[in-house]
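Step one of this worksheet: look at the structure below.
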């Protein structure tokens, strides 16, 4: 509460610097950490009273978009919307757009006008990200426009710098963002785990599943060890009778020339434990190129390497999910085409201009870095960054075709030959990976390998999902497939009472082994207390819902806490009221999210509350 009042004071002071109170006044700011009558999510709500601007809403919108370099969501305002309604909508929509840009996940917002001309609005508190700086910046911008004042860059820039810094600590890993987007689209609860940007739990209790990127806690350690070390994977491929190019390991001090009689030309050099194409050189055709590639790949300290036969064709990523081929994408290395005038450096810079910005806007294509890989590639071709390519000459900039290294991606799911599809599905099932990114080399993925050749290169236990987006697949569809059918909710009951009766309610609940009980100051699982010291009431509820040993949960909450902070969950099996019926919109909200609401004429609970069967 004190923090909220201090923030309200700070916002009012900032707004007063650009507009007097009779132009725009921030009357109220509330923070709900859980479900509330305004929104089905944690929010920061605010009430604005503003005068009517002479500018039409579309003009106001364009000014805000130009100020923050964002595109606002459509605002469905009535023809005679008040100045307060317009100001609240603009401030909330712009703040949500800023948070969306910094987090990479859509942030919701809303507005509710009142008969007296004022308006309540809100923005979602997503992933614990600080909405305060975003809202403060947008309110100042709206106030400046209404007050006909020019807002300098410094006040807004300060708030945006704070926002970026704080969002960086709560922004999820890009692959985790796919799953969060899918969970939100499919009405599935999710919780952070271990304060990691990459590790999240989807679902509650025994129906919860933990994901680290595309990997799930149902995957086995053996599968990860096979996929992580390329030599292990190569041996497994060979022993399963699946086609794979010849290979030979190379110790840090071993002469690579010894491998050539067995491997032949052309060949590939790669570190056995690298990812994202790091240190990989392909299509090596001479001893000079081989020694240079080995020197480049070994690094410092020297790494163990693998020399592999170079299978002709393109690299294909086969994504297998729960034993079925979900998608296939052809990966092509980054290239530039000469014009007879521009240097290689200029051609790359020109290409990169189209690849800077949010991933969705660049088609999920990465810029090409001027790094050691690129320099080594040019050196092997007797070129430099300053070389001018003849008109029409196509230069392949990297050996590896990885999207992260600037490569392009094409969807070829419908073209995969049935034999290759079957092999990939069998490989993932045998290793034990629920989600596997399998790399297969082929000149034509649609043709029978018996006719055209081809072979498996490696298996990835945590494959990048952006590859599929770059191939044109829908982001939410990808995340939904990764999550699968397992994550879901367990039954949760709510007992709403007064603070003086919490202990009596808790004593009246059963202590079955897989039953969790949570209240504002503690929790038990099967009668065994958990250490709740230092946890907020909302964190205590989250703690028991993270335990996979929990089949059902009862939350004992006070009516005052509900009205002040919101509800800790968004779905209830049964709500039992051992207090006066909550007023306003709260009772309506409870009836909407509960399968049943049981009210009692008594304000003192009975000592034994019967548990419904799960």
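Quick look at the values:
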item: For region 244-322: rounded, prolate or oblate by the Cα gyration tensor [a/c cutoff 1.5]; result: oblate
item: Sorted by Cβ density within 10 Å, fewest first, the residues 275, 121; result: 275, 121
item: Extension gain from residue 511 to residue 218, taking 0.36 nm per residue of separation minus the Cα-Cα distance; result: 102.6 nm
item: Length added when fully stretched, residue 530-residue 600, from 0.36 nm per residue minus Cα-Cα; result: 22.2 nm
item: Protection-proxy order for peptides 37-46, 323-332, each taking the mean of Cβ atoms within 10 Å per residue, highest first; result: 37-46, 323-332
item: Calculated FRET efficiency for the pair residue 114/residue 225, C-beta based, R₀ 51 Å, to 0.05; result: 0.25
item: Rg/Rh for region 1-51, where both radii come from Cα atoms and Rh is the Kirkwood radius; result: 1.04
item: Global form of region 249-389, assessed from the alpha-carbon gyration tensor, a/c cut-off 1.5; result: oblate
item: Helix 230-239 axis, angle to the chain major axis (alpha carbon atoms, nearest 10°); result: 70 degrees
item: Listed candidates (i) 33.8; (ii) 27.5; (iii) 31.5 - label of the one calculated as mean projected area of the Cα convex hull in nm²; result: (i)
item: Sites residue 27 and residue 585 - FRET efficiency at Förster radius 30 Å, r taken between beta-carbons, to 0.05; result: 0.95
item: Fewest-first sequence of 492, 272 by Cβ atoms within 10 Å of each Cβ; result: 272, 492
item: Value of relative contact order over the chain, rounded to a whole percent, pairs C-alpha under 8 Å and six or more apart; result: 13 percent
item: Ranking of 290, 496, 193, 375 by count of other Cβ atoms within 10 Å, fewest first; result: 375, 193, 290, 496
item: Spin-label proximity, residue 430 to region 209-242 - amide N less than 11 Å from point 7 Å beyond Cα toward beta carbon; result: 235-242
item: Sites residue 563 and residue 254, calculated FRET efficiency, Cβ-Cβ separation with R0 56 Å, nearest 0.05; result: 0.20
item: Three-way shape call for region 2-170 based on the alpha-carbon gyration tensor, with the a/c threshold at 1.5; result: rounded
item: Residue-averaged [θ]222 nm for the chain, counting only DSSP H segments that reach four residues, each worth -39500 (n - 2.57); result: -10000 deg cm²/dmol
item: Separation of alpha-carbon centers, region 227-285 and region 321-354, rounded to whole Å; result: 25 Å
item: Peptide ranges 60-71, 250-261 listed from the most packed, as the mean C-beta count within 10 angstrom indicates; result: 60-71, 250-261
item: Nearest 10 degrees, 0 to 90: helix 174-185 Cα axis against the chain principal axis; result: 40 degrees
item: Computed lengthening from residue 342 to residue 375, 0.36 nm per intervening residue step minus Cα-Cα distance; result: 10.1 nm
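Every read-out reported here was derived from the displayed coordinates using simple, explicitly stated rules and does not represent laboratory data. Since we're looking at a predicted model, the values are computed, not measured. Neighbour counts run over all protein chains shown; Cβ positions are idealised from the backbone, glycine included.
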